[in-house]
Amino acid sequence: MFDVKGSMRVITAMIELEVRRVMHDRTELYFRAVQPLLWLIVFGYIMGSLRAIPTGGIPYTDFILPGVIIQSATSVAIFFGLVIIWERESGVLKKLVAAPCPRFAIVVGRAMAAGVRALFQVLIILPIAVLLGVHVILNPLYLLAALAVVFISAGGFAGMSIWIASILKSRERFVGIGQVIIFPLFFASNALYPIATMPAILQWFSAINPMTYMVSATRALMITGDLSTIWIDMIAILAFDVFIFWLAARDFRQVIN
Amino acid sequence: MKAIEVKNLSKKYATVPALKDVSFSVDEGELFALLGPNGAGKTTLMRILTTQIDPTSGSAKVFGNDVRSQSGEVRSQVSYVPQEMSVWSDITAYENLLIYAKIYGIPAKKREDAIQSALKTMDLQNVSGRMVNTYSGGMVRKLEIASAIMVEPKIVFLDEPTIGLDPSARKTVWDKLRWLNRNKGTSVFFCTHYMDEADLYANEIGLISKGRLRKIGTAEELKSSVSNETITIEATGLDSGIVRGISGLPHITGARVTGKTLRIMAINSDEAINPVMNLLISTGVKVKSVSSSKPSMDDVFLKYTRGKGKEQETAIADIKRARDRIRKA
Ligand SMILES: Nc1ncnc2c1ncn2[C@@H]1O[C@H](COP(=O)(O)OP(=O)(O)O)[C@@H](O)[C@H]1O
Ligand SMILES: [Mg+2]
């Protein structure tokens, strides 16, 4: 007896809320664009000129752009829990759980809203990267598909963020956790170097690291155009999202208690 | 139909009891106040009634629907304004209402009308395009109430609706809520620890302290249950014989003279005054002045919650909450 219509209504309203927020204040997005661009320009240029990393003939800045994009999108998402904590401290969440909408839809809606915020972030980074000379496949279908991958990836991480927020409940504890999650996953993925160059234990870890599949799918769509294994990436990303949403919805009640 | 029916309701947080065996009912169309000191369990009761948390035992129904087994039905008939700020401050007031209208599923055709009429009711039409973070505390409260009434609920729950507001904003909020109650027939259930608000605005008051519902009734009923009314007479020529005579009259429960002051305790001072005056005049007492006082809501509050709350905390908690509201607004 799952209320599909009601859930869709709530999810789209949550996404609209986030779009309106972004429209009112974009400064945060601009500030957050600085770090990924530094990765691309400074790190990408230096490592590229060393030619220390075998990228299969792809220029190094091209190679890392998908990773930098996924890193920046998931960073936006992982801090979305702070919004939930603010809404918990104010009365917004109490009001939402007393409203006629499924709690699952509140969680998925908020996570997808964070996905939209992450998309705006990427729409700032991507044109600059192209101007800097990164060879992005400019086929609109590929680009749209890549943005969709970014969207559901960020949504999954935002779900994780909401789940962490319902357990930690406090702003102070939360702030540290964000970076502690993103950076290890970033470094233990194929974002900056091919998996084959990693030590065995990291190779094993990268295989269960959702970020690996997110980077891999984005790289296939934006840079290499080789879609032969993208179905594996998509299954992995969707499985991650479903599992995280289930977890976050299950524990969401705690956030208001 | 009863708006609210609560039977033997108890709630424990882990092992801490917050509500103990609470039973009462509220009729449809009432403006009901739950009055009690901080920590009495008011918010807990309200959150159970709005299906946010489950009771530990007992049952609660809102318009006949059980808060546990029919929580969906309950949610579609109620609106809830929490004590804390419950609107998004980084979008405009209009956008807040728009998003809530969509969450509640008001059909697209009716949405604009619903929003405009809620804004109009709360006198916010001219400022609806402003960002909420430029609003005063009173305006935020009005917007919260606008968003609660926009969905045309059968009952509105408000937790400490005027906390942190200045007197004129408090009055506006009450004028609006009373208007809604009278003209739209919306039932109103509010929590407060301000005795004057319960006294002035509620048709019926439930007094709660330490998780127990101590007393329920109209303000008049509560007051007359507390103590007698007092008649104070200033006069010359008073003596103990007169005191004995007065004590024997109907409606009188006691009398005492101190110097030129005669204090009489009466069940009903209006009924008691004539026989008293007749007796005084017939014994040659010269009366200079007569006054009477009825018990106030303070007396009621003190009698039923004395030593049972944390009253010294009230002021500090108030200030802290008011600050929080300002900081977040
Ligand atoms: N989420 C909670 N967890 C544990 N104890 C709580 C919680 N909420 C309230 N309490 C406790 O329950 C009691 C009643 O609280 P509350 O219902 O908020 O009272 P009121 O609204 O009348 O001030 C208080 O002793 C309070 O400390
Ligand atoms: Mg309270």
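The values are calculated or read from the model by the stated rules, or taken from the named source; none is laboratory data. As the structure is a computational prediction, the values presented were derived from the model and not from experiment. Neighbour counts run over all protein chains shown; Cβ positions are idealised from the backbone, glycine included. Just so you know, the surface numbers come from the protein's heavy atoms only, side chains and all, with ligands and any DNA or RNA stripped out. Shrake-Rupley method; radii C 1.70, N 1.55, O 1.52, S 1.80 Å.
At-a-glance table
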| quantity | calculated |
| --- | --- |
| Angle in degrees between helix B:269-282 and the longest Cα principal axis of chain B, rounded to the nearest 10 | 20 |
| Between 0 and 90°, nearest 10: helix A:27-38 axis offset from chain A longest Cα axis | 30 |
| Reciprocal of mean inverse Cα separation for the stretch B:228-293 (Kirkwood radius, Å) | 11.4 |
| Highest-MSF residue in chain B out of B:VAL81, B:VAL243, B:VAL226 [GNM, Cα springs under 10 Å] | B:VAL243 |
| Within the protein assembly as shown, percent of DSSP bridges classed antiparallel, to nearest 5 | 70 |
| Estimated [θ] at 222 nm from DSSP helical runs (n ≥ 4, -39500 (n - 2.57)) normalised by residues in chain B, nearest 500 | -12000 deg cm²/dmol |
| Length released on extending from B:SER25 to B:ASP299, taking residue separation times 0.36 nm less the Cα-Cα span | 96.2 nm |
| Range in chain B, longest, excluding exposed trypsin sites (Lys or Arg not before Pro) [loop by DSSP; at most 14 other beta-carbon atoms within 10 Å] | B:185-259 |
| Spin-label pair A:ILE53/A:ALA196, simplified geometry with 7 Å Cα→Cβ offset, distance in nm | 1.6 |
| Antiparallel DSSP beta bridges within chain B, as percent of all bridges there, nearest 5 | 70 |
| Added length on full extension, which subtracts the Cα-Cα distance from 0.36 nm per residue, B:THR230 to B:ASN203 | 7.2 nm |
| Chain B - convex hull of the alpha-carbon atoms, volume per residue in Å³ | 168 |
| Ratio of Rg to Rh over the protein assembly as shown (Cα coordinates, Kirkwood Rh, two decimals) | 1.16 |
| Radius 13 Å from Cβ of A:VAL68, net charge of other residues (Lys, Arg +1; Asp, Glu -1) | +1 |
| Hits among lysines - C-alpha to C-alpha of A:LYS5 under 23 Å, sequence gap 8 or more where chains match | A:LYS94, A:LYS95, B:LYS102, B:LYS109, B:LYS110 |
| Whole-Å distance, taken between Cα centres, linking the stretch B:29-66 and the stretch A:30-91 | 48 |
| Viscosity 0.692 mPa s, temperature 37 °C, Stokes-Einstein D of the stretch A:4-256 from Kirkwood C-alpha radius, µm²/s | 177 |
| Chain A - mean residue ellipticity at 222 nm from DSSP helices (-39,500 (n - 2.57) per run, n ≥ 4, rounded to 500) | -25000 deg cm²/dmol |
| Loop sites in the stretch A:23-90: trypsin sites (Lys or Arg not before Pro), DSSP, at most 13 other Cβ within 10 Å | A:ARG26, A:ARG51 |
| Prolate/oblate/rounded label for the stretch B:89-157 (Cα gyration tensor, a/c 1.5) | prolate |
| Cross-link table B:LYS20/B:LYS42; B:LYS11/B:LYS61; A:LYS169/B:LYS154; B:LYS210/B:LYS303, entries beyond 23 Å C-alpha to C-alpha | A:LYS169/B:LYS154 |
| Distance (nanometres) between label positions extended 7 Å along Cα→Cβ at B:TYR13 and A:ARG173 | 1.6 |
| Centre separation in Å (Cα based) which lies between the stretch B:150-179 and the stretch A:150-177 | 35 |
| Solvent exposure, largest accessible area first (probe 1.4 Å, DNA, RNA and ligands not counted), of B:SER69, B:SER293, A:SER189 | B:SER69, B:SER293, A:SER189 |
| Lysines with Cα under 21 Å of B:LYS260, excluding same-chain neighbours fewer than 8 positions away | B:LYS286, B:LYS288 |
| Descending principal axes extents, the stretch B:110-196, alpha-carbon based, whole Å | 38, 31, 16 |
| Length-normalised contact order for chain B - Cα pairs under 8 Å, 6+ apart - percent | 21 |
| Cα point-scatterer Debye curve for the stretch B:165-236, base-10 log of I(q)/I(0) at q = 0.12 Å⁻¹ | -0.46 |
| Principal-axis tilt of helix B:93-103 within chain B, Cα atoms, nearest 10 degrees | 70 |
| Surface accessible to a 1.4 Å probe, B:TYR94 within the full protein complex, Å² | 60 |
